[in-house]
Each structure stands twice: as structure tokens, then as C-alpha cells.
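First comes the structure, then the notes that go with it.
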There are 2 protein chains.
Amino acid sequence: MNAPSKKDRLTLAVDAMGGDAAPAMVIEGLDLAMEKLPNVRFQVFGDEAQVQPLIDRYPRVQTATTLTHTADRIPNEMKPSAALRQGRKSSMALAINAVKAGEADGIVSAGNTGALMALAMFGLRMLPGISRPGIASFFPTMRGETVMLDLGANVDCDAENLVQFAVMGEVFARQVLGHEKPSVGILNVGAEDQKGNSAVKAAFEILSRSELPIDFYGFVEGDDIGRGTVDVVVTDGFTGNIALKTAEGTARLFGHLLKEALMGSTGGRLGALLARPALKEFKKRVDPRRYNGAMFLGLNGICVKSHGGTDAVGFAHAVEVAVELILDRLNDEIHADYSRLLDSGALAGLKEAASG
Amino acid sequence: MNAPSKKDRLTLAVDAMGGDAAPAMVIEGLDLAMEKLPNVRFQVFGDEAQVQPLIDRYPRVQTATTLTHTADRIPNEMKPSAALRQGRKSSMALAINAVKAGEADGIVSAGNTGALMALAMFGLRMLPGISRPGIASFFPTMRGETVMLDLGANVDCDAENLVQFAVMGEVFARQVLGHEKPSVGILNVGAEDQKGNSAVKAAFEILSRSELPIDFYGFVEGDDIGRGTVDVVVTDGFTGNIALKTAEGTARLFGHLLKEALMGSTGGRLGALLARPALKEFKKRVDPRRYNGAMFLGLNGICVKSHGGTDAVGFAHAVEVAVELILDRLNDEIHADYSRLLDSGALAGLKEAASG
């Protein structure tokens, strides 16, 4: 049998063993995803004794799936370096290999982020010209959706990394979110151009050059994320990860305080009852599971990381995100755009500016 | 006449010209603050032609205030270095001088943050042993209130700075928030101790030493801020500023989406009407003006920065914060605690660890 043709039918490699509630939540998530994506096929990697009975529960998953057994899995606390040495036969590594071998079009895992990044970098390599991958995700804003990166792949970033994130994020916002000419901002502690650390200042200089085909807005601040001031927010992985989790935590706190206030009085309880459909709609809109599925951009292959603590609904969403990235040929576009930038000489002097 | 005795009556130096809606919002804020603090006195600095008519509008402010005229003020966009050179006769600098001269017990300004920090460092100097000031503020959490610092004074921080922030934040949480044995966490991209940049890792090592009289929790993540996992969140000024503003922006977005959902249906509108007192209570609880007033910790003098965009209610809150810090003798406590730490040798090797 030949590997499934990319043109006909799309195949996703799935790490069944990653995530707090794996493998049950993973297989149930595949079933949910198939409601919207009846034609997708899955290559699932994991412990047969645990996974096969789960697959057997969902007839449509059963017909769409081939399971490859492996007893190995990457623990949550394993360091990336250890995963590279000891994790070659893990469900995660085998799933990545399937993409590398052209047997699958992309991978989804809810496992250890650092290990997934390391194994994917090793297995899939980077897109030409991109030095480091960025983790991207999108956020609800007052104006729609904004993509932000890096969300944690790179604790230390220089200006060159930030510029590459800007290019990748811009393509993402155009191809996947459908923004015609996405605006790009760099996250900083002030909008004035004399503020910030040396990396953001140098990236600002490079992106301000008029010959770059990017709608560069300049610096944005933390509150601009929720405001939707720009379509793409560029930041280093340390700051981005903390901003992402601070936003999640604030949303949770807000929901908690709202509930407390409503349940504390008869009027509040009655009002909440009457407004139940509206409150449900609201809850759905801010449901973090809707935004589950972080994309690893810059790799020579589609790799989507689901939140480790998610449930089947969230995992299904991560599967949908992966399929969308594949259909939108995201990596081809990033590659084409970045090559054009390099060829144009618009990025010349980037290294000097970055180290200056 | 002698300077007002610190024992009898507390005097606050006030920069009347800082803030978007200054000086009107400042003087109205003083009047509001006097509702709770009838005995406080003000030394106000600003343009007499603008400020005196405002003071004359509020009888109790009028009796409690002496106005010193200056036509100079620090513009919002002025760099700190320029403020040091050109701003010596500004309302902000004169207010700081009043504290330095012992005529006032602390200063409140809603002006340019960088300039205020530079002028205060120059005018008031640092507490012995503290190398850099930290901007601190408190946040609502699921468990009460948490203090976080630095919120933007230091874009680049090393481990030594972070340890000093931990000491200052711990004293603050004990003295001002009334936590008996405050727990302290360092903001990071993961709870595991191998994650993060070199500064947070080295600070973790120092604070983990058992002989330090600090209840050190370890690393916390962005969502721990809203959860209230620790009483003190320590971070560098770049990350802290972005986390603060991301939280503000998320709260605003959440409120916006909630309103949109409720107003979009008859049931929602009716429910909101019934629940109005509860929703009002909720709104009050998350009102950012309640949390206005960032403290500059580590200076040899009390200095509170009000948000530049605040109104009289927010400015009044900043005044209350300043009075509380003075009454709690915050700086004496920080000084005593930090000296004890230095003397104990518990911080020995800090420099080496910080640079390692």
C-alpha cells in the first residue's frame, strides 16, 4: 500500500499518550473532530492494550484509524534533552516520524511541550532561513481574533527571532484567520520607541523599514492584546507564555467573581436564571477550549500542541486547527514569504542590528 | 514656622500637574481622599493660575493645603534623563524635594513614570543595600489580594534585583496587606525548577536556602496571579508590566463580551435588570480604580505613582495608599529586614549566583 496521497485525503498523526486524561480524551476527541471533518484519517500511536478498546468504542474513529503500538511514552516532567536521547520509540516520536516519512500530513499531541518541540525540531527540521520555531495561538479580542507568538518555545529571544516571528505570524493571520493585510505589533512596556529591552528595540528598527511588505504597527502593550489593536502580537517566549497564562487566569478570576456576585443575592440568582441563554453564549465565547491548539510555526511540518489539561472537546479543536493549517498550506506560504524577504535584501543587516 | 511634625499630622506632597486630567482630577481626588482621611495635610505643587481656583472649590482641601507655585511641569513623553537635566523646577521635582527636606512624609504623582522614578531616585536615594527600586501594586485574586513587583521600573533584572524585590514585597504584604507570613513566588514559564531564564533560576536558588526567613513557594505561572497562589509575585519589570496590562485588558474584554451577550437578548436584558445590584457589586470589585496606586519600593522615602489616565476616584485611592504606607512605616521595616538578611550572611554569594 502506498502512503495516502496528500491530494485525496488528509492524514493526521496522533500521539495517543500525551495529556493528563490520555488516551481516553484523545480518542474521544478524534470522534468529536470527525463530526466536522468526516474525511480525515488518523495514524494513532500508543499502547495497544489501552488504546484499541477505546478506538473500538467509536465506530467512525475505528474506520478512519490505523493504530501503531508502542509501549513507550514521554512523561510530563522529562527534559527535552532526555526526550531526544531516550524517547525515540515513544508515541510522540513515532507520530513525528510518520510526518517526516510523508505518511501523515501533520501531528497533534497533548504531551510534554518541550519534548514535542525538541523531537519535532530534530525530526522535521526548520523551514529554510528560520532559526527557531515559535509557538503561536489565537485569542479572542474586542475586534475578533489575534494571533500571538512566541508563547513559550524560546525563553531568550534576539531581534532576529522576533522578526522571524513577525513574518510567520503575518502569514498565519492572512492564511488561517483570513485577515487581508494583517497588522503586526511588538509587545513592549510602552508605545514610545525609546522604551524596552535591546531585542525589541532592534526588531522595531528592522520592521520599521518601509521596504518590508508587512503592515507594521509598532509597539503594543499588554492591554492591546484584548483590545485587538493588531492582528499579530510578537513577543519572546518568556513574556508570551506569562501573558497567555495571565490572561487565562484573569478570565477565570473574572468568571469566579461574577458567579459569586450573582449567587450572593436573590435578585442575582433570578437574573442569572432569566439570562441563562445569554450567559451560556458568553461562557461559550470565552471558553478556553475554543482556543486550544498551539501551532509550532517555523518547522518543516505541521505540528499542533494541545493543552495537556484539556478534555475531548479541546482536543477535537486542536485536531481542527491542524487540519486547517494543512489545508491552508501554511508552511509553503511562510517559506515563500520568508524567501522573498531574504532575496529582496530587506532583512540585510538584521544580524548586526540584532547584536547592536 | 517649623515643618509639620511627623508625629502629629501627616503631610503629603502632591504633584498637581501630572496625569491626563490634571490638575482638576488631582484636586478633586484630594477632596475625595479627605472623606476617609480628614486629618491629612497637603503640600501641592503646580501652576497657581490653574490650581488655586480648583482648590478654592473644595473648602476642606483649601484648609488642608499649601500651594507652591511653579510654571514647570514634566511632559508625558519626556525621557528620564531629560527630566533629570531640565525638570528640576517642575511640580514633580519640587514635590520630591519637599519629602527630601522632611517637609512632607511622602509624594503622590500621576505624571510620567520614568521621570518620577529618576527624580525620586536622585532626590530620595535608595534604602541602604537596595540597588534598584521596584514598582509594586496589588491585584484582586480568588483568595484576596496579592502584591506583584516589579511592574516596569527595570526592563532588565538580574537575580540580585529579584531577591531584593522578594524581600521588599514580603515586608509589604506583611505590613500593608496584613498577611502574617506571606508566601513569595517567582513568576516563570513553568513550575519545574529547570525552566526559565538564568535570572529566575539563580534567584530561585538563593531564595530556596533554608536560612532565609521568607516563606518561599518557588516558581509560579501567569495563571497563579489570579488564583492567588502566593501573596507576593516577584518578576522583572518587562514581564511584570506586560502581565499587569494583559490582566487589565483581559478584564476589560471580559466585561465587554459579557455586556454584549446580556444586551443581545430580551432574557439577557431582563436578567441584567433583576441582577443589577449584584452586577454593580461585581463591577465595583473589579474596578481598576480600586487598585490604582503603584508603590515605588526601595527608595528612601514614600513615593506613590497614580495611573496617568485615572480620574479623581482613582487618584484618591492612590493618596490613601500613600498614607497607609507612611503609617505602616514600610520603609523602616524594609530597611530593618534587609539589613538583618545582609548581616546574617544569608545573602552571601548572591552576586556570584546572580552572575553565574
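Worth pointing out:
- For region B:257-353, a crude dipole built from +1 on the beta carbon of Lys and Arg and -1 on the beta carbon of Asp and Glu, taken about the Cα centre, is about 740 debye to the nearest 20.
- Counted charge near A:A336, where neighbours are those whose Cβ lies closer than 11 Å (Asp, Glu -1; Lys, Arg +1): -2
- Relative to the Cα centre, the charge distribution of region A:54-203, modelled as +1 at Lys and Arg Cβ and -1 at Asp and Glu Cβ, gives a dipole magnitude of about 440 debye.
- In this label model, B:L270 and B:A191 are separated by 4.5 nm, measuring between points 7 Å along each Cα→Cβ vector.
- Close amide H contacts of B:I302 (hydrogens built in the peptide plane, cut-off under 5 Å, sequence separation of 5 or more or a different chain): B:I107.
- Label point of A:R60 (7 Å along Cα→beta-carbon): distances to the other copies' equivalent points are 6.7 nm, sorted ascending.
- In order along region B:100-114, phi translates into HN-Hα couplings of 4, 7, x, 7, 10, 9, x, 10, 10, 9, 9, x, 3, 4, x Hz, rounded to whole numbers, per the Karplus curve 6.51 cos²θ - 1.76 cosθ + 1.60 with θ = phi - 60° and x for Gly and Pro.
- Take the Cα of B:R290, step 7 Å toward its Cβ, do the same at B:A49, and the gap between the two points is 4.2 nm.
- Within the shell of other residues whose beta carbon sits under 10 angstrom from the beta carbon of B:R252, the net charge comes to -1, with Lys and Arg scored +1 and Asp and Glu -1.
- 27 Å Cα-Cα threshold exceeded, pairs from A:K245/A:K305; A:K89/B:K201; A:K36/A:K245: A:K89/B:K201; A:K36/A:K245
- The residue among A:N76, A:P59, A:V26 whose Cα reaches farthest toward the positive pole of the charge dipole of chain A, with charges on the beta-carbon of Lys, Arg, Asp and Glu, is A:P59.
- Annotation: amide H-H contacts under 5 Å for B:T141 (H modelled 1.01 Å from N, sequence separation of 5 or more, or interchain): B:T146.
- Kirkwood-type radius of region B:50-196, with distances r between different C-alpha atoms, in Å: 18.0
- Residue-averaged [θ]222 nm for chain B, counting only DSSP H segments that reach four residues, each worth -39500 (n - 2.57): -15000 deg cm²/dmol
- For A:K181, label point 7 Å along C-beta direction: distances to other copies, nm: 6.2
- Proximal charge balance of B:R85 [Cβ under 14 Å; K/R count +1, D/E count -1]: +2
- Mean separation of Cα pairs under 8 Å and 6 or more residues apart, divided by the residue count, gives region B:120-199 a relative contact order of 21 percent.
- Relative contact order %, region A:8-87, counting alpha carbon pairs below 8 Å whose residues are six or more apart: 31
- Between region A:208-223 and region B:120-188, the Cα center-to-center distance that results, in Å: 33
- Solvent-accessible surface (1.4 Å probe) assigned to A:H317 amounts to roughly 40 Å².
- Hydrodynamic analysis of region A:109-191 uses the Kirkwood radius over alpha carbon pairs. Inserted into Stokes-Einstein at 20 °C and 1.002 mPa s, it gives a translational diffusion coefficient of 152 µm²/s.
- Over all pairs of different C-alpha atoms, the protein assembly as shown has a mean inverse distance whose reciprocal, the Kirkwood radius, equals 27.3 Å.
- Shape call, chain B: gyration tensor on alpha carbons, a/c limit 1.5: oblate
- Between identical copies, the spacing of B:K259 label points, each set 7 Å from Cα toward the C-beta atom, reads 2.5 nm from nearest to farthest.
The values are calculated or read from the model by the stated rules, or taken from the named source; none is laboratory data. Quantities reported herein were computed from a predicted structural model and do not represent experimental measurements. Neighbour counts are summed over all protein chains in view; Cβ atoms, including those assigned to glycine, are modelled from backbone coordinates with ideal geometry. SASA here: full protein model, heavy atoms, side chains in, ligands and nucleic acids out. Shrake-Rupley method; radii C 1.70, N 1.55, O 1.52, S 1.80 Å.
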